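Everything below concerns the one structure shown next.
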Amino acid sequence: MPHSPDLIYKIATRASFAQAREAGHYAGMLIDAADGYMHFSTAAQLSETLRLHFKGEADLVLLAVRSADLGENLVWEPSRGGQLFPHLYGGPLDLASVAWEASISVDANGNCALPEAVR
């Protein structure tokens, strides 16, 4: 991707993120471990990612991550519909890269009210 957005977004269950605050880094969800990289979305991709993969999940954490902090470990790869998605390779997410976090919920239809700060 020629120009990365300032922020990319990681969706996490509260349970998977619980120990990260103490550790200072987040290893990701089970799908991240299985795929060998951490999945992120851009602001434009976020609603569809929530609808497809987190329908009915009430206890989620949305992490806004400064893409510049991830350096060359951030790789943009084609995924859903050929769109380029941000993927983090090479280890856990350093929480120092998190600009902010917010609690979110996705209803049974896949709808989610995103924080106003998502841009």
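Bear in mind that the values in this text are calculations on the coordinates, not laboratory data. Please read these numbers as outputs of a predicted model, since none were measured by experiment. Please note: Cβ atoms are built from the backbone with ideal geometry, for glycine as well, and neighbour counts cover all protein chains shown.
As I understand it, the dipole of the chain uses +1 on the Cβ of Lys and Arg and -1 on the Cβ of Asp and Glu, about the Cα centre. Which of T49, L63, L88 lies farthest toward its positive end?
T49
If I histogram all Cα-Cα distances within the stretch 7-104 using bins 5 Å wide from 0, what percent of pairs lands in each bin?
With a bin width of 5 Å, the distribution comes to 3, 13, 26, 29, 20, 8, 1, 0.
Want the number for A43 to A117: 0.36 nm per residue separation, take away the alpha-carbon distance, what's left?
Numbers: separation 74, 0.36 × 74 = 26.64 nm, distance 0.99 nm.
Gain in length upon complete extension: 25.6 nm.
Rounded to the nearest 500 deg cm²/dmol, what is the calculated helix-only ellipticity per residue at 222 nm for the chain, with -39500 (n - 2.57) per DSSP H run of length n ≥ 4? Could the numbers behind the result be given before it?
On the way: 4 runs with 25 residues, N = 119.
Dividing the helical sum by the residues of the chain leaves -5000 deg cm²/dmol.
Specify the residue with the greatest mean-square fluctuation among A108, A12, A20, computed from a Gaussian network of the chain linking alpha-carbon atoms under 10 Å apart.
The residue that fluctuates most here is A108.
Give me F17, F40, F54 ranked fewest to most by other Cβ atoms within 10 Å of their Cβ, as a rough exposure proxy.
Details: F17 21, F40 25, F54 17.
Ordered from fewest to most neighbouring Cβ atoms within 10 Å, F17, F40, F54 come out as F54, F17, F40.
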